[in-house]
Amino acid sequence: MSQEKNVNREFRRSVQARRCRIPEAERTLTALTKLNGRVYVYCGDPETQRQFIEDAENEQFRYGDGVSLRERRPDAVMALNKDRTVNFIGFAGRMAFQYADHFGSGKDAVPLIKVDYRKYLAGCQDFLCRP
């Protein structure tokens, strides 16, 4: 990657991090859905996945088809939607999680916000994933 592209990418990440500040007392999944962008939540281990499902159920999140989150095994990366639904991201979503920082292009681009749920729960100031 050229140095200029690397500098631009780092600048976009720092801007995104500043926009994603959520006080520790207000750290809920609902708060994440209010951020400006598409939210992917990374739950890297079974304990974090269980906590994510429990928290999402407590906040009345469901899968898009109305099924309870406890009915299906969670994945390491799940998407949160503004309508209080959760969905699996599939292959294309996993590629985006690894390599993209937005969806679309130009003025239609939507930031991709990648949250490390363990850091988010722990109260870390920087809870965003860094691929």
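Here the peptides 67-73, 96-102, 52-58 are ranked by packing, the mean other Cβ count within 10 Å, and the order with the highest first is 52-58, 96-102, 67-73.
A straight chain from Lys107 to Asn87 at 0.36 nm per residue would run longer than the Cα-Cα distance by 4.6 nm.
Readers should treat all values here as calculations from the given coordinates under stated rules, not as data from a laboratory. Values in this document were obtained by computation on a predicted structure and should not be read as measured data. Cβ sites come from the backbone with ideal geometry, for glycine too, and all protein chains shown count toward neighbours.
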